Amino acid sequence: MLANLLCCAIAARALQLQRPRLATRTSLKATRTESILQHLESEGDGLGAGAAGTLAGLRALDARWEAMRRPTAASPATPFVTEASVEAEPDFDVVVLGGTLGIFAASAFQARGLKVCVIERGPLAGRNQEWNLSLDEVRDLVDAGALHADDIDGAVGTPGKYEVLAGADDTLVASHFGSVRAGFNDQEHGASGSGGALQEVWLPSVLNVGVRPDVAVRRARRRFEEQGGVVKEHTPCNGVVVGEKSAQVTLAEEVITTRLVVDAMGNASPVARQCRREANDGADPRPSGICCVVGTSMAGFAKDNSYGDLIYTNEDTRIHQERQYFWEAFPAMSLGEDARTTYLFTYLDADEMRQHTVEGQFEDYWRMLPTYQKHNADCLNSKRIEDALEDGDLILKRCLYGLFPTYKDSPLPTRWDRVLAVGDASGVQSPLSFGGFGALTRHLGRVTDAVEDALQNDALDRASLTLVNGYAPNIAATWMFQKSFVHPVSSQRPASFVNRLMRQNYVNMEDLGDDVLRPFNQDVVQPRALLQVLGLATLRDPLNILPLCYWIGPQELVEWLGHFGMMLLYDGAHHVLGKRVRAYSHRLPDQRQGFALRRLADAWEYGSGMDY
């Protein structure tokens, strides 16, 4: 369900220690967050997506969050994409905007024989902290042509339970661990909330591989350039002009033309923002949901660093703060054998009365971390975080924080000819996941096929390109799950609501087997599997059905039933008609129509989770 959670580090604000120790304890008269972040320095603008800022960056993020909840009138923004006549012949088949993730798409396109250019405003580089996903998702990059099979090296063996394999410093796979846990507080049945949930489920091969972004980006770039691809780094893009026969990309010192522009600039893309504004009478729409994440990478977890947590709670919903906190943690072998990355995240709506702040969540993180991680770091059994840092028991490598908005009108339809979004910019991630690398890898093969097909058949108009990221009922259906995790402002919903729901569903999935448990935890919703889970939940906990329906609300339930019905329809269409439609599409005299039919077959497959 949350396959891509670790990929939040891609869009998070990354910071490093300026000195290994806090200067003086008297500085702790400020908040813990102020004291710690003031001793950090930025990795540098562009060193991996989202890398910028210090304490000022955190405050700026909170100001952005305030603007999301309480938007004010603003002067119209200068359009990033405009439409006008473009006479010049195309220099490239594809120009990819955004290089840190876009280089993988570009490499896959170039491997198909297309002429591709990547534009990156900073250095084209990934940072040295793992992106976590599953080994089969790493191999998706090879299948799509973004990497060579020989690029998948390092910790690629099969670890035993509670075993962590580590790859050498220059290998792609830095870590591979045999155990990943999901756990949920059960205070109703006697758990104290003091660090351990009574209900735990161990997950099969989910987010148990740590890939080095710096190595992955470097190898994708090498493959791309060896095949003739062009990289323009330290080169901001100032805008795109879409014409009838080509598109023009305006850079600081030159203008290049292309048949197709691919937006890989993430959920903060100016293209995506303009899209949403134009669909909302020129104003930024309020997000439908938000995931707020804070976290750190620290060394000093020598007591037990043998497993990861995909999703874990050790307390019920904080009614007075109107939020349910979740934890996530993974070994971080690229930073050291005793290094561990931990995240505290919560799901929110953008209600203007909500008082939540990112800095306030960081304060909760410092206070709650010893309870959560005392089984992994011995010093946390007797020390506060600042004392452990001061004494050198823990060594802070990096702090991370981010806000990840999601919108119900996703995937986002394109509004112009010759412009296609991929990854987070397209909104293909569910509201439960942070998107990023995982959102790209899962769809990269499909997108590469579609781009090659569109260019071969000149299907580059707005209507054709919208079919590439069409309606996906299984993504739309996850909004009900996201809704269940959000504690509404001023709601009287019971504090145990989320944990009770999660405990029961995870037990049911575990009993139904890996074929149900594994895809769901990789954020792939399949209708028949979901039907089994819901049926078992109704049999085992019938008294929770009515309260669940009440607190989620009738509108959300009706919408979900519609999406679930479409999932079943897509599932049937894929199995009965998918191959026939693909075969028939190649026999049509008008291959623009053939392109549309192949995208319909893709939608059936991916919209029902049958691509898994």
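The values are calculated or read from the model by the stated rules, or taken from the named source; none is laboratory data. In this text, all values refer to a predicted model and were calculated from it rather than measured experimentally. Ideal geometry is used to build each Cβ from the backbone, glycine not excepted, and the neighbour counts take in all protein chains shown.
Overview of values
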quantity	calculated
Subset of segment 308-353 (residues that are within 21 Å of the chain's Cα centre (by Cα) and in a loop (DSSP other than H, G, I, E, B))	Thr313, Gln324, Tyr325, Ala332, Asp349, Ala350
The listed residue being under 30 Å from Arg398 (Cα atoms), at pLDDT 95 or above and under 26 Å from the mean Cα position of the chain (by Cα), out of Phe104, Phe109, Phe80	Phe104
Residues located in segment 485-508, provided they are in contact with a Lys or Arg (Cβ under 9 Å, 6 or more places away or on another chain), more than 21 Å from Met353 (Cβ to Cβ) and buried (at least 18 other Cβ atoms within 10 Å of the Cβ)	Gln504, Asn508
Filter pass, Ala450 being in the same structural domain as Ala421 (by TED's automatic domain parsing), touching a helix residue (DSSP H, G or I) at 6+ places or on another chain (Cβ under 8 Å) and within 27 Å of Leu568 (Cα to Cα)	yes
Members of segment 467-501 found to be among the β-branched types (Val, Ile, Thr) and in a loop (DSSP other than H, G, I, E, B), listed by number	Val468, Val486, Val489
Identity of the residue in segment 539-591, surrounded by 12 or more Cβ atoms within 10 Å (Cβ to Cβ) and among the polar types (S, T, N, Q), that ends up nearest to Phe497 (Cα to Cα)	Asn544
Residue check for Leu432: outside the structural domain of Asp349 (by TED's automatic domain parsing), among the aliphatic types (A, V, I, L, M) and over 22 Å from the mean Cα position of the chain (by Cα)	no
Residue in segment 323-346 that is surrounded by the most Cβ atoms within 10 Å (Cβ to Cβ), counting only those that are aromatic (Phe, Trp, Tyr) and touching a Lys or Arg at 6+ places or on another chain (Cβ under 8 Å)	Phe330
Some residue of segment 465-484 being surrounded by fewer than 18 Cβ atoms within 10 Å (Cβ to Cβ) and over 27 Å from the mean Cα position of the chain (by Cα)	no
Every residue from segment 83-101 that is hydrophobic (A, V, I, L, M, F, W, C) and either surrounded by 16 or more Cβ atoms within 10 Å (Cβ to Cβ) or at pLDDT below 95 (or both)	Val86, Ala88, Phe92, Val94, Val95, Val96, Leu97, Leu101
Top-ranked residue of segment 175-206 - restricted to ones that are part of a strand (DSSP E or B), over 16 Å from Glu163 (Cβ atoms) and modelled with pLDDT of 90 or more, ranked as nearest to the chain's Cα centre (by Cα)	Ala182
Residues of segment 125-155 satisfying the condition of being at pLDDT 95 or above and either in contact with a strand residue (DSSP E or B) (Cβ under 6 Å, 6 or more places away or on another chain) or part of a loop (DSSP other than H, G, I, E, B) (or both)	Gly145, Ala146, Leu147, His148, Ile152, Asp153, Gly154, Ala155
Subset of segment 584-612 [among the small types (Gly, Ala, Ser) and within 25 Å of Asp461 (Cβ to Cβ)]	Ser585, Gly594, Ala596, Ala601, Ala603, Gly607
Cβ pairs under 6 Å, 6+ apart, first in segment 238-254 and in contact (Cβ under 8 Å) with a residue 60 or more places away in the chain and over 23 Å from Asp458 (Cα atoms), second part of a loop (DSSP other than H, G, I, E, B) and β-branched (Val, Ile, Thr)	Leu251/Thr235
Segment 237-253 - residue that is modelled with pLDDT of 95 or more and not aliphatic (A, V, I, L, M) and, of those, farthest from Pro123 (Cα to Cα)	Gly243
Any helices (runs of 4 or more DSSP H) falling wholly within segment 528-612 and containing at least 2 residues that are closer than 26 Å to Asp349 by Cα	545-552, 554-585
Out of Asp417, Asp424, Asp364, Asp449, sole residue that is in a loop (DSSP other than H, G, I, E, B) and among the charged types (D, E, K, R)	Asp417
Residue count, segment 268-287 (criterion: out of contact with any strand residue (DSSP E or B) (no Cβ under 9 Å at 6 or more places or on another chain), in contact (Cβ under 8 Å) with a residue 24 or more places away in the chain and among the polar types (S, T, N, Q))	0
Output for segment 259-284, where each listed residue is under 21 Å from Gly102 (Cα atoms) and hydrophobic (A, V, I, L, M, F, W, C)	Leu260, Val261, Val262, Ala264, Met265, Ala268, Val271, Ala272, Cys275
Selection within segment 92-136 - closer than 20 Å to Pro270 by Cα and small (Gly, Ala, Ser)	Gly98, Gly99, Gly102, Ala105, Ala106, Gly122
Residues that are touching a Pro at 6+ places or on another chain (Cβ under 6 Å) and either of a type in the set (Ser, Thr, Tyr) or exposed (fewer than 14 other Cβ atoms within 10 Å of the Cβ) (or both), drawn from segment 156-180	Ser175
Count - residues of segment 511-522 that are buried (at least 17 other Cβ atoms within 10 Å of the Cβ) and part of a helix (DSSP H, G or I)	6
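Residues are listed down the side, and each one gets a yes or a no for (1) assigned by TED's automatic domain parsing to the domain that holds Leu530; (2) touching a Gly at 6+ places or on another chain (Cβ under 9 Å); (3) hydrophobic (A, V, I, L, M, F, W, C):
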site	(1), (2), (3)
Ile552	yes, no, yes
His563	yes, no, no
Leu568	yes, no, yes
Gly578	yes, no, no
His586	yes, yes, no
Pro589	yes, no, no
